[in-house]
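Down below is the structure, laid out as structure tokens.
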Amino acid sequence: MSKQDLLTLIEQKRQELIQVAMKNGFTSSLAIRNSQELDKLLNEYNDIFKKKVSTH
């Protein structure tokens, strides 16, 4: 997956989380699930970015 594809997914998940949290509350199970999915994407991005930084 390209860096830009991952950034697009992150932004989409962020927007989805905001909408779900506004509708169902920040502590709803759906908001928590979306937050965990966003965390996973951010961690994946961080892992890729750290590898590129450490090789330069």
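Report, to the nearest whole %, how much of the accessible area of the chain belongs to carbon and sulfur atoms, 1.4 Å probe, protein only. Before the final figure, lay out the partial values.
Details: 2490 of 4450 Å².
Reported share for carbon and sulfur atoms: 56 percent.
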Asserting the computed 222 nm helical MRE of the chain (DSSP H runs at least 4 long, -39500 (n - 2.57) per run, divided by residue count, to nearest 500) equals -30000 deg cm²/dmol
Between residue 28 and residues 5 or more places away or on another chain, the pairs with built amide H atoms under 5 Å apart involve none
For the chain, the longest principal axis of the Cα atoms and the Cα long axis of helix 29-54 enclose an angle in degrees, to the nearest 10, of 10
Highest mean packing first, using Cβ neighbours within 10 angstrom, the peptides 33-40, 1-8 sort as 33-40, 1-8
Here region 16-26 yields Karplus 3J(HN,Hα) values (6.51, -1.76, 1.60; θ = phi - 60°; whole Hz; Gly and Pro given as x) of 4, 4, 4, 4, 5, 5, 5, 7, 10, x, 5
Taking a probe of 1.4 Å and leaving out DNA, RNA and ligands, the chain shows per residue an accessible area in Å² of 79
Once the in-chain neighbours fewer than 8 apart are removed, the lysines whose Cα is under 27 Å from residue 50 read 3, 13, 40
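The values are calculated or read from the model by the stated rules, or taken from the named source; none is laboratory data. This structure is a prediction, so every number in the text was calculated from the model and none was measured. We place every Cβ from the backbone using ideal geometry, glycine too, and count neighbours over all the protein chains shown. Surface accessibility is based on the protein's heavy atoms, side chains included, excluding ligands, DNA and RNA. Shrake-Rupley method; radii C 1.70, N 1.55, O 1.52, S 1.80 Å.
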